[in-house]
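The values are calculated or read from the model by the stated rules, or taken from the named source; none is laboratory data. Everything quoted here is computed from the prediction, not taken from an experiment. For neighbour counting, all protein chains shown are included, and Cβ atoms are generated from backbone atoms with ideal geometry for every residue, glycine included.
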């Protein structure tokens, strides 16, 4: 069964046919609601993006692999509205470490981030959005917090516990930090210095010495708001005065618990029983278990309650006129608190909804005493239920009545959030209530099987996939599959986020949702009830009915990106448009390329349908129609999205690197194996961080010898003039290096190409041909043994260490002369292919240990007309349980999610 758009007239006919008492007075209002929603959907269609990641946590030196699904509209079909996706990797300081653009083909894309060895451990975010999604605000972006631990040459591990003491208008915070070695031995008697930073300001600093058990306490007081966040930067002195730095997040400044109460549909009415949901939240943003009693102003106990999931729960209350109520709370530690409940009124309605039935939703509208006792006619009420901007149900109260009850079949709605709104006859929204519908019509049935249930290490495994829709018909869809070794990677299946939890729930809600995957794993009466309570406590902000009915749509600031383009205006230096100007776009990056166009009567020009890789540099030249060059070129630039604060800050982990973690131990062992055989996207980092001098020749350099310690250093200032192609630019500036087809060779090893390290990541030998000079901050040339030794086998032919700009090192485009500018827009990132050994190939190195934690990654699985697809890979050396997670979507917008496990013995 599929859902189709219903016109206002047909919708009313459907409603009237089912409920003969619901007629007439709201017809004009309903027609307006349907028309306005249709206009809103047409002018501001809703795009969503979900990323399927290969796993949930990572380590320095890993790769993050992801598949993007961009959907649009109420049916969650793959979007063709936007054709470019932005994906950012953001660190714990809300700084964008990496930003890539991916071409969207029918709403699909896949990409990756390499976690260079030069990165620091910490909490990172992966954020994804289209330019069009920016109109609705970043609250609806895909934004996931991940932990990136450090096992490679990490010699200091910490574990931190916070305690809090209230001191009048200030808070005293103590962080008890334990320092140990990789083998768990305490650092005893070591000097520690620290800085405490909150909201970007240092509020405390000090020094001391660890005790016999490696413990060190950092204490500070603050009057900053409880929502303030920050971190403690500690430096512990090791042997030979070497210093190791650790950054410890601060998630909360107190142990206070805030409790809020949410009457169903917004109002408490005297004499009317209704539900009241509550939510108890710790200062760190996570739910807190509480229990309590409701008492009236005579201190008489009315009812009791307790949280059922993540600090949330619900109870019923029938307020009495002229009485007030409060909640007496008991927290998990035995302490108590009191909170006043919202005041009840005589005027208004309660929109009571019970969706606990398998097939139906029971709805009851109850008026307050002031309305039920009044002889003034209300003109009638209209109840509307919409999902993603489309009305699926509407009803009017009989004969202008003030109350009504009804039962609505759940089959009327697609899966997802449904918003029920009660309107007055004048079109004023009176009450709202959110419910969640699970409709199996929208679920794909995925069958996954391995050619052998139990296999051996390094044995080839073939996985077959069959997809069917709810009618058991074959489904043609796009899927992605990750395979991980559960002996190395821990998975919390009960709370794992999925394509269902994102597309159907979190992408439509503002604010933090704790463990959204819980509501979609092991679905039963309790998870359904807990999800209903969540929606009672969570606001819905996709649009506001009042603005919609007033035709006050949000302005469109960002247009959907269809292709890469270069555009702008040609003006005189006095600011007047130059019509019919001749504009040339050219580049020598990766070969010569040139296009011509002319400006319109307003001086505007555009080069459309461009396809170029990231780091490409263009030269734009403009002349008047009379071939004069004294013109000013102004380019359009889409400003990148600000990183903003982490909306999921509650997911930040304080203790990231667990010395006992099998994942970290495996990461370290795998790194050593890679170094041994000279493979992998790794650099050999120093065993300890040595702070000798705060002054550095270069910033952000990943040079293992230290920034600036090279045979030759070239900065971006040296590259500002001349060719935009990096290979060509270096040919005339680098000493002792020759270039063959853009590939560098040191004159000390003329038969072996130099290794190219870009921001700590090894690149292909001919990479310089595809890179422009504009994005380069510095190039460090390593040719002699004293500088190449740190790179081991990969340094035999010499090394070029390239560091890209981070900001403040040149602008996005420069004017070199009248009528000429250079421009380095962000181009498409070329996604890498996941590598795994092919053990049936005699060329494969079988001596090297295979320690992959992500065993295989397949982002582009497409089922055929029979709903079938298959993929193959080889097991690693690890024994135990392997887990396959497959997610995807078909052409109708039906979603699929399936987990399959098999044994390796």
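Given the range 708-776, what strands (runs of 3 or more DSSP E) lie entirely inside it while holding 1 or more residues that are closer than 23 Å to residue 828 by Cα?
743-746, 755-758
Which of the residues belonging to the range 851-877 are buried (at least 20 other Cβ atoms within 10 Å of the Cβ), more than 29 Å from the chain's Cα centre (by Cα), at negative phi and in a loop (DSSP other than H, G, I, E, B)?
Once the filter is applied, which keeps residues that are buried (at least 20 other Cβ atoms within 10 Å of the Cβ), more than 29 Å from the chain's Cα centre (by Cα), at negative phi and in a loop (DSSP other than H, G, I, E, B), the range 851-877 yields 875, 876.
Could you please let me know if residue 435 is outside any loop (DSSP other than H, G, I, E, B) and under 32 Å from the mean Cα position of the chain (by Cα)?
Yes: the conditions hold for residue 435.
Restricting to the range 521-531, name every residue that is modelled with pLDDT under 95 and surrounded by 15 or more Cβ atoms within 10 Å (Cβ to Cβ).
521
How about the range 195-291: which strands (runs of 3 or more DSSP E) wholly inside it have at least 3 residues that are in the same structural domain as residue 162 (by TED's automatic domain parsing), at negative phi and under 29 Å from the mean Cα position of the chain (by Cα)?
Because the criterion is at least 3 residues that are in the same structural domain as residue 162 (by TED's automatic domain parsing), at negative phi and under 29 Å from the mean Cα position of the chain (by Cα), the strands (runs of 3 or more DSSP E) in the range 195-291 that meet it are 230-237.
State which residue is surrounded by the fewest Cβ atoms within 10 Å (Cβ to Cβ) when the search covers only the range 59-87 and only residues that are within 29 Å of residue 147 (Cβ to Cβ) and at pLDDT below 95.
Restricting to residues being within 29 Å of residue 147 (Cβ to Cβ) and at pLDDT below 95, the top hit is 63.
When you scan the range 293-312, do you find a residue that is closer than 17 Å to residue 513 by Cβ and in a strand (DSSP E or B), even just one?
yes
Restricting attention to the range 186-205, and to residues there that are loosely packed, with under 13 Cβ neighbours inside 10 Å and at pLDDT below 95, which single residue is farthest from residue 242 (Cα to Cα)?
199
With the condition kept exactly as written, say whether any residue in the range 631-643 is assigned to a loop (DSSP other than H, G, I, E, B), without any contact (Cβ under 8 Å) to a residue 40 or more places away in the chain and under 30 Å from the mean Cα position of the chain (by Cα).
yes
Can you confirm whether the range 759-769 contains a residue that is modelled with pLDDT under 80 and crowded, with 22+ Cβ neighbours inside 10 Å?
yes
Quick one: which residue in 181, 163 is under 22 Å from residue 667 (Cβ atoms) and surrounded by fewer than 18 Cβ atoms within 10 Å (Cβ to Cβ)?
Step by step, each of 181, 163 is checked, and only 181 is under 22 Å from residue 667 (Cβ atoms) and surrounded by fewer than 18 Cβ atoms within 10 Å (Cβ to Cβ).
Please find, within the range 532-555, the residue that is surrounded by the fewest Cβ atoms within 10 Å (Cβ to Cβ) out of those that are under 23 Å from the mean Cα position of the chain (by Cα) and not in a helix (DSSP H, G or I).
539
Name the single residue that is modelled with the lowest pLDDT among those in the range 583-601 being surrounded by fewer than 18 Cβ atoms within 10 Å (Cβ to Cβ) and outside any loop (DSSP other than H, G, I, E, B).
Step by step, filter the range 583-601, then rank; the result is 593.
Evaluate the following for residue 320: is it in contact (Cβ under 8 Å) with a residue 40 or more places away in the chain, farther than 18 Å from residue 262 by Cβ and surrounded by fewer than 17 Cβ atoms within 10 Å (Cβ to Cβ)?
The answer is yes for residue 320.
What number of residues within the range 464-475 satisfy the criterion of being surrounded by 15 or more Cβ atoms within 10 Å (Cβ to Cβ), over 29 Å from the mean Cα position of the chain (by Cα) and in a strand (DSSP E or B)?
Qualifying residue count, the range 464-475: 3.
Which of the residues spanning the range 606-627 are touching a residue at least 40 places away in the same chain (Cβ under 8 Å) and part of a loop (DSSP other than H, G, I, E, B)?
Across the range 606-627, the qualifying residues are 611, 612, 614, 615, 616, 617, 624, 625, 627.
Give the range 476-487 a look and list any residue that's under 12 Å from residue 892 (Cβ atoms) and crowded, with 23+ Cβ neighbours inside 10 Å, or say none.
Residue satisfying the conditions is 477 alone.
Residue check, residue 352 against (1) assigned by TED's automatic domain parsing to the domain that holds residue 427; (2) surrounded by fewer than 19 Cβ atoms within 10 Å (Cβ to Cβ), all met but one. Which one?
Unmet for residue 352, out of (1) assigned by TED's automatic domain parsing to the domain that holds residue 427; (2) surrounded by fewer than 19 Cβ atoms within 10 Å (Cβ to Cβ): (2).
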